[in-house]
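Report on the structure given below.
Bear in mind that the values in this text are calculations on the coordinates, not laboratory data. Everything numeric here is computed off the predicted structure, so don't read it as measured data. Backbone-built Cβ (ideal geometry, glycine too); neighbour counts: all protein chains shown.
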Amino acid sequence: MYDAPYTERTTAVTDVKISARDVQVYYGDNHAIKDVNVDIQDKTVTAFIGPSGCGKSTFLRCLNRMNDTIDICRVLGKIELDGEDIYDKRVDPVQLRAKVGMVFQKPNPFPKSIYDNIAYGPRIHGLAKNKAELDEIVEKSLRRGAIWDEVKDRLSEPGTGLSGGQQQRLCIARAVATEPEVLLMDEPCSALDPIATAQVEELIDELRANFSVVIVTHSMQQAARVSQKTAFFHLGNLVEYGETGKIFTNPEDPRTESYITGRIG
Amino acid sequence: MTDASIPEGGKVTKSLVQLDARTRRRNAAEARFRAYGLTAIVIGFFFLITLMVAIVGNGVGAFRQSFITVEVFLDPAKLDKNGARDIEDIKKVSTFGYAPLIQNALLEAVQAAQPDTPIKKAGDTKQLISASALAAVRDHVIANPEEIGQTVEFRLLAASRVDGYLKGRVKREDVVRDKNINVEHLDAADALLAAGTLTRSFNPEFVLGADASESRAEQAGMGVSMLGSFYMMLVVLALSLPIGVAASIYLEEFAPKNWFTDLIEVNISNLAAVPSIVFGILGLSVFIQFGGLPQSAPLVGGLVLTLMTLPRIIIPARAALKAVPPSIRDAALGVGASRTQTVFHHVLPLAAPGILTGLIIGLGQALGETAPLLLIGMVGFVATNLPDGFFAGFMTPNSAMPAQIYEWAKRADPAFYERAWGGIIILLVFLLIMNFAAIVLRRKFERRW
């Protein structure tokens, strides 16, 4: 039974940041995502929940076109970011990914120094004119990643030498360093212990002030703790999407209820 | 649920200190397997030691050579009849003109060392000295014409039969049938050695010199063919590194996966298995007959070896690229790097140790390759002249170390057999250096993630 502490939250009425209409995803002949329609709001944490293989990660990867790197993957339908179709032929995925950052399931810092991990994105996008500006971006990003105090004295040490939780916060800092507008997180806490998870969740809540955050999670408690909006995916369908409080207390669809009460999944 | 693992009745049924039959069988199988492995390693080690002993034992003699030190009177009546010391006049005297001078000096030395020697005529001493001695003295005189009329000390190569006698290769009982040397010459050699006129020492010319004709084994060296190998390696490195790395990166990171790239992949694997002599005949028909490049040129050899080496570089390079975790690519793409940036900033540095190792092993194989070179005319006896300059070296007919070794090994005179083993030592030293470099580079570039 679901009985995690939960407080009613109200979502400020904000603009729609990402709007998906009739999205279909095929892996070869496998129809992985079926007719997904969703409006993701700005300055909001949106959680995607659902059993393994339900397509929530696949859909997340559509939002910054990471699926482009998979040859057999086809995406149909329309996904708009601020009213612009991100699958338009004129859109360069590189520019899109600068706007829509991503944090992965497994912490994946570059095998470079902590400083270079953060500075890489700003460097390739030309965000800093000189070393001082770059230093400033690195510090700001590490502070936003809530890891500055732990690493400020060893910026030249390899990022791979940090603990798992620190690595993941480093990856979040790296993702925010390019000043994205949307931050996609694919099960960011699945490789972390409860303390590191709590730190990352706190961080996600802080990030909401500046970004639209979309988080895929296996943990329903986590979805309830960090998100304002929740979408429940099942077998490639978006079953239900709404206020987190409503999904967890009074779901409309029986499948959602079965899942959050632990009967399916 | 959890009580399923407790035996019925809560009792342990078997003693831990007694081995049951199944465990005994399993332990026996394990011990057997270890014994097989150990045997295999011991056998391998035995053959390695045998090989090393054979190579060093047979080849180390090639680095030492016998020299005879004689005082030659540079007779002006023979070398400069006009007395004008005109260099053109001096050059007109051929090596035959020098023979009597050297032979007289040698006869004196022999008679001084062995007063009762049966050698009475100066002409009979020529079997003691290398045929190359005449040219050595003549070259010295042309370089120093002012020394004509003086008595100058020369350190000249002893004949290969004399050298072989002192190394134990030529036996007294065998020289009866040998028209190149007689027993009295061997006696004279012993006497010269005792008198200190004949000395045995390290011969740098074996490492640095050029190949010599079949009758002058004592003069032959590896230097020129070593240079040929060096030029070929330059060509192979300059071509196969960029082409091989570019091809692997394209195939691994950018090419769509379809039947065409599958076909290319299969064919690269096939090419790696093609016998090298096939590449030789390809080089002969394409580069020499069709392309009009000169025969025996290290440039052509390098091109042929590049063709042969490329698949052997591409395969490990692709494996190294494939071994880079996909999460690194995701991370780079996720912060908005393009695919090219992802490859060059993140994937390639991580794959570099593997690529470099493959490259150096490929170069090592190319360095030891003989068969294709024989087909394009880079046979050993070509390696007799040094090129005129650095760039001329690519086009000047030359050989390569393994082809030189092959050439020596097939010559009739047993003195060349020793030199072939010596050449193998030099080649192995180069290969060891390259493998060592591969290890050092891998250590240097290796990074953990």
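Taking amide H as placed 1.01 Å from N in the peptide plane, residue B:129 has its amide H under 5 Å from the amide H of B:159, each at least 5 places away in sequence or on another chain.
The value for the range B:331-447 of Rg(Cα) / (2.2 N^0.38 Å) is 1.54. Across the range A:152-157, coupling constants 3J(HN,Hα) worked out from phi with the 6.51/-1.76/1.60 Karplus curve, θ = phi - 60°, read 4, 8, 9, 5, 8, 7 Hz, and Gly and Pro carry x. Remark: the protein assembly as shown carries a charge dipole of roughly 1400 debye about the Cα centre, counting +1 on each Lys and Arg Cβ and -1 on each Asp and Glu Cβ.
Bridging of residue A:17 to aspartates and glutamates at a Cα separation below 16 Å is possible for A:39, A:42, A:80, A:82, A:84, A:85, A:179, A:181, once same-chain residues fewer than 8 apart are set aside.
Each residue of the range B:358-367 was assigned a 3J(HN,Hα) from its phi angle through the Karplus expression (A = 6.51, B = -1.76, C = 1.60, θ = phi - 60°), giving x, 4, 5, 5, x, 5, x, 5, 5, 5 Hz with x at Gly and Pro. Shown is the FRET efficiency for residue B:409 and residue B:86, computed with R0 = 45 Å from the Cβ-Cβ distance and rounded to the nearest 0.05: 0.45. Modelled this way, with points 7 Å down the Cα-to-C-beta line, the labels at residue A:21 and residue B:178 are 10.0 nm from one another. A dipole drawn for the range B:64-202 from +1 and -1 charges on Cβ atoms has a positive end, and of B:113, B:143, B:129 the residue lying farthest that way is B:129. Over the C-alpha atoms of the range B:64-202, the Rg to Rh ratio, Rh being the Kirkwood estimate, stands at 1.00. Legend: residue pairs B:121/B:167; A:43/A:112; A:99/A:140; A:34/A:99, Cα-Cα distance threshold 22 Å; pairs beyond threshold, B:121/B:167; A:43/A:112; A:34/A:99. Among B:271, B:406, B:224, flag the residue with its Cα farthest along the positive direction of the charge dipole of the range B:223-445, charges on Cβ as +1 for Lys/Arg and -1 for Asp/Glu. So the residue we want is B:271. Only Lys, Arg, Asp and Glu carry charge here, each on its Cβ (+1 for the first two, -1 for the last two); on that basis chain B has a dipole of about 2100 debye about its Cα centre. Take the Cβ atoms of residue A:139 and residue B:201, set R0 to 60 Å, and the FRET efficiency comes out at 0.30.
Computed from backbone phi, the HN-Hα couplings of the range A:176-184 come to 7, 5, 8, 6, x, 9, 10, 10, 9 Hz, rounded to whole numbers (Karplus: 6.51 cos²θ - 1.76 cosθ + 1.60, θ = phi - 60°; Gly and Pro given as x). Computed over the range A:136-184, the Cα gyration tensor eigenvalues convert (square root of 5λ each) into semi-axes of 18, 12, 8 Å, ordered from largest to smallest. For residue A:17, nonlocal amide neighbours, meaning residues 5 or more places apart or on other chains whose placed amide H falls under 5 Å from its own, are A:40, A:41, A:42. One quarter of the convex hull surface, Cα atoms only: what value does that give for the range B:223-445 in nm²? So the mean shadow area of the Cα hull is 14.0 nm². Once the C-beta distance of residue B:443 and residue B:38 is scaled by a Förster radius of 51 Å, the resulting FRET efficiency is 0.95 to the nearest 0.05. Each helix, a run of at least 4 DSSP H residues, gives -39500 (n - 2.57); summed and divided by the residues of chain A, these come to -10000 deg cm²/dmol at 222 nm.
For chain B, just run the numbers: alpha carbon Rg, then divide by 2.2 N^0.38 Å, N being how many residues it has.
1.43
Normalised by the number of residues in chain B, the average gap of Cα pairs under 8 Å and 6 or more apart makes the relative contact order 18 percent. Between amide H atoms placed 1.01 Å from N, distances below 5 Å from residue A:184 occur with A:101, A:102, A:103, A:214, all of them 5 or more places distant or on a separate chain. For the pair residue B:94 and residue A:72, label points projected 7 Å from Cα toward Cβ lie 8.1 nm apart. Kindly list the residues of the range B:301-323 that lie in the label zone of residue B:255, defined by a backbone N under 19 Å from the point 7 Å along the Cα-to-C-beta vector. Residues B:307-323 qualify, since their backbone N sits under 19 Å from the label point. Projecting label points 7 angstrom from Cα along Cα→Cβ for residue A:132 and residue B:289 puts them 7.2 nm apart. Dimensions of the protein assembly as shown along the principal axes, based on C-alpha atoms and rounded to the nearest Å, stand at 126, 77, 52, largest first. Can you work out the PRE-style zone for residue A:35? Point 7 Å along Cα to Cβ, and I want the residues of the range A:213-244 with backbone N under 20 Å. Label zone hits: A:231-242. Each Lys and Arg adds +1 at its Cβ and each Asp and Glu adds -1 at its Cβ; summed about the Cα centre, the range B:65-135 shows a dipole of about 180 debye.
When a/c is below 1.5 the answer is rounded, else prolate if a/b is larger than b/c, else oblate, so apply that to the range A:115-197 with a ≥ b ≥ c taken from the square roots of the Cα gyration tensor eigenvalues. Judged from the Cα gyration tensor, the range A:115-197 comes out oblate (a/c at least 1.5, b/c at or above a/b).
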